[in-house]
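Notes follow the structure.
The values are calculated or read from the model by the stated rules, or taken from the named source; none is laboratory data. This one's a predicted model, so the numbers in the text were calculated from it and none came from an experiment. Because the Cβ atoms are built from the backbone with ideal geometry, glycine has one as well, and the counts that use them run over all protein chains shown.
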Amino acid sequence: MKRPLPDVLRRGLDSTIANWPVILLRIAESILLIGIVIVSIIAAVVPAIVAAGLSKDEIINSSNPPEAIVEWMIGHLMLFVWMFALAFLVLGVMLAIHAFFEGGATQIYVDAERSAKRFPAPNRDAFSAFSVDRWLAGGKSSWWRVFWLYNWAWSVGLIFVLVPLMLTIAGLVLISDTAGRVVVGCVGLAVAIFIFIPIAIVVSIWCAKAITICVARSLPARESLRLAWRAVRDDVGRHLAVAVIAFVVSMALNSVVSAFSIPMSISSHHLPSLELFFTPVRLASSVVQSMVSAAIGSWLIACFVSMTEES
């Protein structure tokens, strides 16, 4: 039997609070992924660009700066191939790490929901199910399936975005007039962004639902995506409502935190060190915003688990 939306939100919140260490693990994941990006840029991208040697003076002193930039890019084509290959590899590693963390977190919420179902009117303590061993077991058993789940879902979604981009590229090739190219490029990019926003929302909800099914029922990625699409289609109201409410709550809480930190970011000509003085406060604000995002993401998954485990 389907639970009312308020009951789904309450159970998801109870599960999130009862298993609060999952939020800390999500924050640790964010720090780890940011560290990987920074190390990749410092260790590989920056040295490669510096070694290629395009200086500001070369551009300014050139009689045709755009042509100089184009010639430099053509002359260092292998550099861009290397950067693309590195980005592809780093993105794959980051996605695999995220899949592990997501699989482990979902396993905890599945265990919590199944534990609470044994009680007619469960309290918050009934949802307590976290253990490091169980989290590791969930991540280990499902990360590969969740990894491919993300790849297939976003590949399908991005097809709709690539269509206007390919048409835009074709238009840029066929049109020789500079003004026409600018118009085609701007319109094509705007259309692609306009399409990407709803596609991103749909794919995000689809993936979240598929992950809960994948972990709860130990199903392959494609089967989880198929069942998730059918589940969301048949119950689009509750799934969309949960996602929208989570987004609105996240935006509201982050706006409140930002409201406190904005005055600390205002610098004064007479007091140039004022902004530096408030740096700890702004760093604390960033940490709080990360905690809010991690908590809301956990709440969303816990709610989807609650709907998946209804039967």
Going by what's in this entry, would Gly171 be described as among the small types (Gly, Ala, Ser) and either within 30 Å of Trp299 (Cα to Cα) or surrounded by 14 or more Cβ atoms within 10 Å (Cβ to Cβ) (or both)?
yes
How about segment 207-226: which of its residues are closer than 21 Å to Gly12 by Cα and either aliphatic (A, V, I, L, M) or free of Cβ contacts under 8 Å to residues at least 40 places away in the same chain (or both)?
Ala208, Ala210, Ile211, Ile213, Val215, Ala216, Arg217
Considering Ala153, Ala116, which residue is modelled with pLDDT of 90 or more, surrounded by 15 or more Cβ atoms within 10 Å (Cβ to Cβ), within 30 Å of Gly92 (Cα to Cα) and of a type in the set (Gly, Ala, Ser)?
Ala153
The one condition in (1) among the basic types (Lys, Arg); (2) in contact with a Ser or Thr (Cβ under 8 Å, 6 or more places away or on another chain); (3) modelled with pLDDT of 90 or more that Arg238 fails to fulfil:
(2)
Under the condition of being of a type in the set (Gly, Ala, Ser) and in contact with a Leu (Cβ under 6 Å, 6 or more places away or on another chain), which residue from segment 225-262 is nearest to Val288 (Cα to Cα)?
Ala246
Looking at Val90, Val132, Val110, Val146, which is the one that is surrounded by 16 or more Cβ atoms within 10 Å (Cβ to Cβ), of a type outside the set (S, T, N, Q) and over 30 Å from Ile195 (Cβ atoms)?
Val110
Give the residue, chosen from Gly188, Gly180, that is surrounded by fewer than 16 Cβ atoms within 10 Å (Cβ to Cβ) and at pLDDT below 90.
Gly180
Which pairs do you get when a residue that is in a helix (DSSP H, G or I), found in segment 164-179, comes within reach of a residue that is of a type in the set (Val, Ile, Thr) and surrounded by 13 or more Cβ atoms within 10 Å (Cβ to Cβ), reach meaning Cβ atoms under 7 angstrom, with the pair 6+ apart or on two chains?
Pro164/Val191; Pro164/Ile195; Thr168/Val184; Gly171/Val184; Leu172/Val184
Quick one: which of Leu158, Leu227 is out of contact with any Pro (no Cβ under 9 Å at 6 or more places or on another chain), in a helix (DSSP H, G or I) and more than 18 Å from Glu309 (Cβ to Cβ)?
Leu158
Members of segment 212-224 that are small (Gly, Ala, Ser) and under 15 Å from Met307 (Cβ atoms):
Ala216, Ser224
Among the residues of segment 143-179, count how many are of a type in the set (Val, Ile, Thr) and within 22 Å of the chain's Cα centre (by Cα).
4
Tally up the residues in segment 1-27 that are assigned to a helix (DSSP H, G or I) and within 18 Å of Gln107 (Cα to Cα), please.
16
Could you tell me which numbered condition Val90 fails, if it satisfies all but one of (1) more than 16 Å from the chain's Cα centre (by Cα); (2) assigned to a helix (DSSP H, G or I); (3) within 30 Å of Ile211 (Cβ to Cβ); (4) at pLDDT below 90?
(1)
Name the residue, out of Ala231, Ala208, Ala216, that is at pLDDT 90 or above, closer than 22 Å to Trp148 by Cα, in contact with an Asp or Glu (Cβ under 8 Å, 6 or more places away or on another chain) and not acidic (Asp, Glu).
Ala216
Pairs where the first residue, in segment 117-128, is of a type in the set (D, E, K, R) and the second is not in a helix (DSSP H, G or I), C-beta under 8 Å, 6+ apart:
Lys117/Glu309
Set Ala43, Ala48, Ala68: member being surrounded by 14 or more Cβ atoms within 10 Å (Cβ to Cβ), modelled with pLDDT under 90 and out of contact with any Ser or Thr (no Cβ under 8 Å at 6 or more places or on another chain)
Ala48
